[in-house]
Structures are given as C-alpha cells and as structure tokens.
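Worksheet: one structure, shown below.
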Amino acid sequence: MKSSKVISLLLSLASAGVISAQSFCSNAKHSGESVKVTSNKVGSIGNIGYELWADSGNNSATFYSDGSLSCSFQNAKDYLCRSGLSFDSTKTHDQIGHMYADFKLVKQNIQNVDYSYVGVYGWSRDPLVEYYVVDNWLSQWRPGDWVGNKKHGDFTIDGAKYTVYENTRYGPSIDGDTQFKQFFSIRQQARDCGTIDITAHFQQWEKLGMKLGKMHEAKVLGEAGSNGSGTTGTADFPYAKVYIEGANNNSNTNTGNNNNTGSCSAKITSQGYKCCSSSCVPSYTDGDGDWAIENGEWCGCGNGSAQQPSTGSCSANILAQGYKCCSAGCQVIYTDNDGTWGAENGEWCGCGGSSSQSSGSCSANILAQGYKCCSAGCQVVYTDNDGTWGVENNEWCGCNANQATTRTTTRTTVKTTTTSKPTNTNFCNASGHSGDSVKVTSNKVGSINGVGYELWADSGNNSATFYADGSLSCSFQNAKDYLCRSGLSFDSTKTHDQIGHMYADFKLVKQNIRNVDYSYVGIYGWTRNPLVEFYVVDNWLSQYRPGDWVGNKKHGDFTIDGAQYTVYENTRYGPSIDGDTQFKQYFSIRKEARDCGTIDITAHFQQWEKLGMKLGKMHEAKVLGEAGSNGSGTTGTADFPYAKVYIGQGNSNASAGNTNTNTNTNTNTNQGATTYPKGTGFQFYTQCKNRNHWALTYDDGPTQYADSILDLLKKYDIKATFFLVGNMYIPSSSSDMEECLGMSAYK
C-alpha cells in the first residue's frame, strides 16, 4: 500500500479495524495449571489436548490449561509440539462450527533449523487428511514448493496471501502406516501474532476439490527440523487458543455456530472473506459487492454485487512494483510519476493511463508473459487475443491501441519464431553410451578424452561411469549426499562471453530411486572473480521440486529459453573450489521437470546478469546428477545415456563440443561464419550467432513501398538486408538505401 497517498474512505475504515481482541499480541503470558513433558506423549490438561514428539535430542514441552505452550528442543532432528482442540472423528468442520486460533510466538535462541511450520495443524478421517495452516516458521526460509506435489496457487484467505499445496503420501499417520492426503496453506508474509480463521482455509481448500473428512484435531503447532546434527531453541507461545465461534472459548466441546451471520456476495466469500452479520450497513462498494467491517475485519454486507469487471490496462511502472491493474472503468484517485492510481478491494491498483515517463500502458495479458509496454505513441504492428503489439529496440512490446499513432494491417510471424527452438532432439529417442569409459568407485576429479568429470559422496557404496562422448551413469547406495558431473572444464581466465554461447544436451533415465529428499539434475559449475557456484535445474530425483529454501533471495519467475524458471540467489560460507570461504550461489529451477532436452546455458547467464547476478571467469560447466537424503541414505541410479556440453549453435553432435575450451574456444568464436572471398575480410554467415536472433531480409526490390519500409526501419532502429533487382533500382531511394545498409547491391 502506498501509505503516503491517502484514500480517505479506506483509511478511515482501516483505522476502525484495530481489533481489541488482539491485545494478547502485546500483553500475553502463560496462565493456569501446567504440565511439563520430557518424552514423547499425547495427553490433555483440562479440556486442552496436547502432544510432544521428537525423533532425537534432549527435549521438553510445557502445556498450560489456558492453551498456551512452550516448546524447547536441543539437538533434535525433527521436533514438534501442539496444543488445542481434540475431536472424536464423528463430525465434519461444518457440523462443529466456525473455528479460529489465536497465537503469539516468541522465538528464543533458534539454531540450525532447516525446515519448520508454525500455525495450525490437524487430521481428519474419511478421508484421512493431514493439514497445515502455516503462519510462521523457525527456519531461515519460508517452506517452499517441496511441501506438495501439486501447487494450486496463491489465494487471499482471511485477508492475507497464502500458497496452497496438496500432496499424497504413504507413511505414519493417526491410523498407522498408510496412504493419506496432505493439505497446506503457507502464508507469504510470516507473522508472530494474530488470529487464524481455520475454517476459511477449509473452505478455500474445498473450493479447490481438497475435501476434508470428520475432524480429529485442530491445534496450534510448533515444528522444527534439521538436515544436519540437530536443531536447538525454544518456540514459546505465551498465548495460544483454538476455539469455535459461538462456543465457550475455554471449552473443548463441539458447540455449534450460534451467530447471526447474514448473506453476502459469492465473489466476496470466494476471496476468503466472511459475510457480516445480518444487521450490517455497507461502508464500501466495488465490483465484488458491498463491504463492511466487523471485529476489525472486512466482510461482505448483503447480496449486492456488480458484474465481474474485466481487467483494464495500466502503467508498466505500477505493475513493476507488484501492484495490479484495476478493472476497466476504474476511477482515478491519485496521479504520480508512476502513473494513474485507483483503489479496489482495499488495495492500490493502476487505473489506465500512462506514467509521466516514456513508458505507455498495455494489456495485462502481454505483461504476464514477460513483455514490456511500448512507449506512448507506439505503432501497432500485430494484434492477437492477448492484445495489441508493437516493436521497440528490436523487442516485442505491448502497444495500447488507444495511444498508438498509426496502425498497420501487416501480419508478421516474427513473434513466434523468436521463441522457436532450432534444436535437434533425436538423442531423446535413440541414444546410448559410446566411446572409451572409466568407472570410478571413490571420490575423484578427472577427465577422459578432454571431458572433465567428478564423483563425490559423503557416505555409502557409490560409483560412476564416465564415457568419452560425455555421457555418464551415476549409481548410489545409502548415500547422504551424492553427485556426479561431466562436461567442460576451463582455466578461469575467460568469461562466458569470451568463451562463446554454451549449450548442454541431456537425456535422463531414473532407475530404482528411493529415499531422495533433495536433488538437482541439470547444469552445474563455478566461476572465479567473483566466486560463484551456479545451478540450472531441469529435473530432480526427489518427489518434490526444489523450493524457496535454496536461496535467501527469490528474484521471481522468468521465461528463459522458452520455459518458466524460478531464479534464486544465495550467499554462503562453506567449502568451494577455493577452500572454505564466502561465495554466491545462483539457481534457475524449471517449473516443469523434463527428462530430455537442450539447455541454453548462456541464456540463464544473461538473465542472471540482468538481475545483477554477476558471473566471473569460467571454471566449469557440466551436466549434473545430485541426490541427498535427510535420513539413512538414498539409493538408485541416474543414468545419462546422452550428455554433451558444447559451445556453438543449438544442438550439435560434433565431438569437439566437449573438448577442453583451451583448444576449442578460438575455433568456435565465429561459429556459422566463413571468410569470403578469401583475403577480403568479409564474412558470410549461414546462421545467426545466437539462437533467438533472427535476420530480416527483403528480396526482389526496390518497389514503390521501399521509402515507407526504410522510414519504418529507421524509426525503430531495425537492421535489414536488401537484395535488389538491378533493372528495378529506383534512383530516388538510393541515398536512403545506402544510409541504411552502408552499401547497395545488385541481385
């Protein structure tokens, strides 16, 4: 929210939303009787159910009759304690009533926590479901995509943004070892204190087809885990209460909901908000319906609702700050250098118009694909279902038709060809290891026929076979952490720009994979000056995609080489190619895993550098298979019957691609070009240097359209090649032609 800009109505309503019931956030302490537990136990105190569980370490938990709890752990690999409502698995949450939880968290001396959940936890039966509403965590990183094998997306639930996941798991449950579902809502912004509307999450899940059964429990949870030697600290909850609206808040009975809730617009409840009481008076109206505030929270007031508005367009400067475009027909209430602003659903949004800068406005559908808006006064050159398009600085951009200067009906297919992949993926269908090979059974760095390789593991019975063609086969048994890689080794004297455009082809075959908790399959390497460890992850051997825990800075999602990747950056102190020191880590993690394909390594380097993630002089770039286990060890084989890292154009089957760059860099500098005629210094190009570049040519001219074409090319600074028919040469255009091309020619 741009707090310096005042919307009188919204601020007056928000100021009325200070909820007195949340005084426990500033004034809370344990009270009532207590019980201290020092070993795994399920029990109750008064009407409060509790549980302490840990797999190792010296741990304890103190539970109080007011529902509060204090959870202490020392050298625990996995630890949890929880307190709240217990049920008898005979009623659904609808039959029990609307459930809430109040909590206040105080973190004390937390160390070595790799994953954690703080919030609400419970189970249901018929169907058997384990569920989490996560409002905070004791770890450095927010729980990421690894929590669930299905990510439903981000939703506003009870006024805050949560990411919803679903998972199917076989393992220990309240009914023994069996298969069950897991549901997660993970808050985007952690909070130490507040009220969780548990039922609002249940309702959102059920809209997504995530059905709960009959309730077994709903408790405030503190859980912490370590992938290393164990985690230590205290999660103190001086206030924790799970209760049912309309019931005795100190009771554990299943009293129903006795409130006088009114009705309201379905568009409001679909966002996770509740309906106000039947006596509410509307204080704000938008496209979703009538709103009011009760108990410090927005709620739907009555059944008034407008038609769902269509999304309008707005300034790219506004969208770049994370705000959305308002609906079409919005009212401008504020203007600054970023553009014109409106407000909808209590949030600032961009309301049409353009910023005072040169950037114009355009369709949100175009911006969502990663393209920018053209400048005001742009020329529309193409129209499709996403909106109207222009071209500036040789790049496609969204061109608002209302702000366009002229319009052309010329249809061009360049928009699609710029993202085409001129690669040969025959190796995906038919490939096998070939050439000499070396089998390694202990940690080793080496090379075979100019191909660099490494096997490394911290434990277990492991091996790797590396082949002269660059392929490899990685086998591991009871390994805690295992990796093998094969590809190009460099001497740390040249940047990737100096070396040339790098690609990697790979085919992965997974065999008998078990107990893998984290994994990276793709491209791995290092640079020096600055010292950077980098990953391009196209697949993984674990059940879950690597999540937000990989980096302490998440740059976001980007389309790189035609696919969506999430980019992370991390600063780490630990072992490196230069010993124990501080270094950067860069990650691109593909949204959809693939077993075979071509990775445009340089395209990732270029995207990282646009984000300020600078690389140094190249040490290596190799195809990687890595697998790790947080338990007793991982077992399986990651076979790469085809793996090749090379410099040049797209998919190349030339064996020279995997030779050491000290001998091949110079020969690849002018890939696709030959000197012609000999001795003149001119070069004849058979293909573009970069895969996603294209050449614009005009044949059999000039014609009566030549002047218009030349003017258009000048305006947008687009280079083109003209092939002329001598007897069609038009003298009046020769000066323009020579200025554009630097020469004229006859065909």
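Ordering Lys444, Lys372 from largest to smallest accessible area (1.4 angstrom probe), what's the sequence?
On the way: Lys444 95, Lys372 155 Å².
Descending accessible area places them as Lys372, Lys444.
Counting only heavy atoms of protein chains, what accessible area per residue, in Å², does the stretch 516-573 have with a probe of 1.4 Å?
Roughly 33 Å² per residue, with all protein chains present.
Quick one: what are the phi-derived ³J(HN,Hα) couplings along the stretch 52-57, Karplus 6.51/-1.76/1.60 with θ = phi - 60°, whole Hz, x for glycine and proline?
Taking θ as phi minus 60°, the curve returns 10, 8, 8, 9, 5, x Hz for the stretch 52-57.
Could you state the accessible area per residue of the stretch 74-213 in Å², with a 1.4 Å probe and every protein chain left in place? Intermediate values should be presented prior to the final figure.
Working: 5140 Å² over 140 residues.
Value returned for the stretch 74-213: 37 Å² of accessible area per residue.
Top to bottom by accessible area (1.4 Å), largest first, where do Lys214, Lys715, Lys104 land?
Details: Lys214 80, Lys715 120, Lys104 40 Å².
Descending accessible area places them as Lys715, Lys214, Lys104.
Run the accessible area of the stretch 503-544 with a 1.4 Å probe and give the carbon-and-sulfur part as a rounded percent.
Percent of accessible area from carbon and sulfur atoms in the stretch 503-544: 38.
Pairs Lys91/Lys241; Lys507/Lys719; Lys510/Lys617: which exceed 29 Å Cα-Cα?
Lys507/Lys719; Lys510/Lys617
Using the Cα centre of the stretch 437-647 as the reference point, and only Cβ charges (+1 on K/R, -1 on D/E), how large is the resulting charge dipole? Debye, rounded to the nearest 20.
Numbers: 22 positive and 23 negative charges, 15 e Å.
The calculated dipole for the stretch 437-647 is roughly 80 debye.
Describe numerically, in nm with one decimal, the distance between label points set 7 Å from Cα along Cα→Cβ at Val438 and at Asn149.
3.9
Any idea how far apart Gln188 and Ile174 come out in nm if each label point goes 7 Å out from Cα toward Cβ?
Taking the two extended label points, one gets 3.2 nm.
Sorted by accessible area with a 1.4 angstrom probe, largest first, how do Tyr642, Tyr524 fall?
On the way: Tyr642 40, Tyr524 15 Å².
Final ranking, largest accessible area leading: Tyr642, Tyr524.
Check Asp192: other-chain or 5+ apart residues with amide H under 5 Å from its amide H, H built from backbone geometry?
The list, which skips near neighbours in sequence, is empty: none.
Per residue, how large is the accessible surface of the stretch 579-646? Use a 1.4 angstrom probe and give square angstrom. Please list the in-between numbers first.
On the way: 1950 Å² over 68 residues.
That works out to 29 Å² for each residue.
Would you list, by chain and number, the aspartates and glutamates whose Cα falls below 15 Å from the Cα of Lys274, excluding same-chain residues fewer than 8 positions away?
In chain and number order, the partners are Asp94, Asp158, Asp197, Glu245, Asp288, Asp290, Glu294, Glu297.
With a 1.4 Å probe and every protein chain left in place, tell me how much accessible area Lys480 has, in Å² to the nearest 10.
Solvent-accessible area, nearest 10 Å²: 60 Å².
Using 1/(1 + (r/R0)^6) with R0 = 45 angstrom and r between the beta carbons of Asp458 and Lys715, what's the FRET efficiency to the nearest 0.05?
Rounded to the nearest 0.05, the efficiency is 0.15.
Distance cut-off 31 Å, Cα to Cα: go down the list Lys151/Lys644; Lys219/Lys324; Lys77/Lys554 and report the pairs above it. Display every interim value, and only then the final one.
On the way: Lys151/Lys644 33 Å; Lys219/Lys324 36 Å; Lys77/Lys554 27 Å.
Distance filter (> 31 Å) returns Lys151/Lys644; Lys219/Lys324.
Give me the percent of the accessible area of the stretch 34-244 that comes from carbon and sulfur atoms, probe 1.4 Å, all protein chains in place.
41
How big is the accessible area of Lys617 in square angstrom, nearest 10, if you roll a 1.4 angstrom probe over the protein chains?
80
So what's the net charge close to Trp123: Lys and Arg +1, Asp and Glu -1, counting the other residues with Cβ under 12 Å from its Cβ?
Details: positive: Arg82, Arg125, Lys181, Lys214, Lys219; negative: Glu51, Asp126, Glu130, Asp175, Glu217.
Its environment carries a net charge of 0.
Assuming R0 = 51 Å, what is the FRET efficiency of Ser89 and Lys614, from their Cβ-Cβ distance, to the nearest 0.05?
It comes to 0.35.
Within a Cβ distance under 10 Å of Gly350, other residues only, what is the Lys/Arg minus Asp/Glu net charge?
Numbers: positive: Lys324; negative: Asp338.
Net of charged neighbours comes to 0.
Would you kindly find the accessible area of Leu105, with a 1.4 Å probe and non-protein molecules such as ligands, DNA and RNA excluded, rounding to the nearest 10 Å²?
10
Using the Karplus curve 6.51 cos²θ - 1.76 cosθ + 1.60 with θ = phi - 60°, what ³J(HN,Hα) values do you get for each residue of the stretch 37-44, in whole Hz, with x for Gly and Pro?
Going residue by residue, I get 10, 10, 8, 4, 7, 10, x, 8 Hz, with x marking Gly and Pro.
Return the lysines within reach of Lys715: Cα separation strictly under 23 angstrom, same-chain partners fewer than 8 residues apart disregarded; answer none if there are no such residues.
Correct list for Lys715: Lys372, Lys415.
Working out 0.36 nm times the residue gap between Lys107 and Ser279, then minus their Cα-Cα distance, what length gain in nm do you get to one decimal? Numbers along the way, then the final one.
Numbers: separation 172, 0.36 × 172 = 61.92 nm, distance 4.15 nm.
This chain segment gains 57.8 nm when fully extended.
Out of Gly551, His496, Tyr518, whose Cα points farthest toward the positive end of the dipole of the stretch 476-592 (charges: +1 Lys, Arg; -1 Asp, Glu; placed on Cβ)?
Farthest along the dipole direction, towards plus: Tyr518.
Please enumerate, by chain and number, the aspartates and glutamates with C-alpha under 20 Å from the C-alpha of Lys584, excluding those fewer than 8 residues away in the same chain.
Asp114, Asp491, Asp497, Glu533, Asp548, Asp557, Glu569, Glu609, Glu620, Glu626
Is the shape of the stretch 65-114 rounded, prolate or oblate, going by the alpha carbon gyration tensor and its root eigenvalues a ≥ b ≥ c, with a/c under 1.5 for rounded and a/b larger than b/c for prolate? Before the final figure, lay out the partial values.
On the way: a/c = 2.93, a/b = 2.17, b/c = 1.35.
Cα axes put the stretch 65-114 in the prolate bin.
What is the local net charge at Cys81, summed over the other residues whose Cβ is closer than 14 Å to its Cβ (Lys, Arg +1; Asp, Glu -1)?
Around Cys81, the surrounding residues sum to -2.
Could you calculate the FRET efficiency of Glu294 with Ser263 from 1/(1 + (r/R0)^6), where r is the beta carbon distance between them and R0 is 22 Å, rounded to 0.05?
According to the calculation, E is roughly 0.95.
The values are calculated or read from the model by the stated rules, or taken from the named source; none is laboratory data. Here the structure is a predicted model, which means the values were calculated and not measured. No Cβ is skipped: glycine too gets one built from the backbone with ideal geometry, and neighbour counts run over all protein chains shown. SASA here: full protein model, heavy atoms, side chains in, ligands and nucleic acids out. Shrake-Rupley method; radii C 1.70, N 1.55, O 1.52, S 1.80 Å.
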